[in-house]
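Here's the structure we're looking at; comments come further down.
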Amino acid sequence: MKSIIVVICFVFAVLSAGVIAAGITEKGPAEITLDGGSKGTINFPHQKHQNTLGDCKSCHDIFPQKLGIIKALKDEGKLEKKQVMNNCRGCHRNLAKEGKKAGPTSCTKCHSK
């Protein structure tokens, strides 16, 4: 009986570790296509930003980590039209001022029709 309990506890521990590890490593898709309004879609290199920034809150303080949430919040009036874009451009400009490699700040470098 003791050996069965030990085996059950071991299996539970292994499965729990796997679930926790999966939650830590799953950070969303590497690329996300965003609705960029009348200027066209935005092919957002999500994984590149994760690797560069390291802190998800740089973006996810503005909106939750959920696919499609930016458009949904805009449609609900809970997110201003250019709020996300201004956050992106602000970060890119700050990095450039610091002499670091930065992303684009002009419309056509992000938006594509």
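Each value in this text was obtained by applying a stated rule to the coordinates, not by laboratory testing. What you are looking at is a predicted structure, and each value in this text was computed from that prediction instead of being measured. All Cβ positions, even for glycine, are placed from backbone atoms using ideal geometry, and neighbour counts span all protein chains on display.
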*For the range 31-81, which residues satisfy the criterion of being farther than 17 Å from LYS113 by Cα, surrounded by 12 or more Cβ atoms within 10 Å (Cβ to Cβ) and of a type in the set (Lys, Arg)?*
LYS48, LYS71, LYS74
_Need pairs with beta-carbon distance below 7 Å; first residue surrounded by 15 or more Cβ atoms within 10 Å (Cβ to Cβ) and within the range 83-103, second of a type in the set (Ser, Thr, Tyr) and part of a helix (DSSP H, G or I); sequence gap 6+ or separate chains._
CYS91/SER58
*Looking only at the range 49-82, which residues are in contact (Cβ under 8 Å) with a residue 24 or more places away in the chain, part of a loop (DSSP other than H, G, I, E, B) and more than 20 Å from LYS101 (Cα to Cα)?*
ILE62, GLN65, LEU67, LYS81
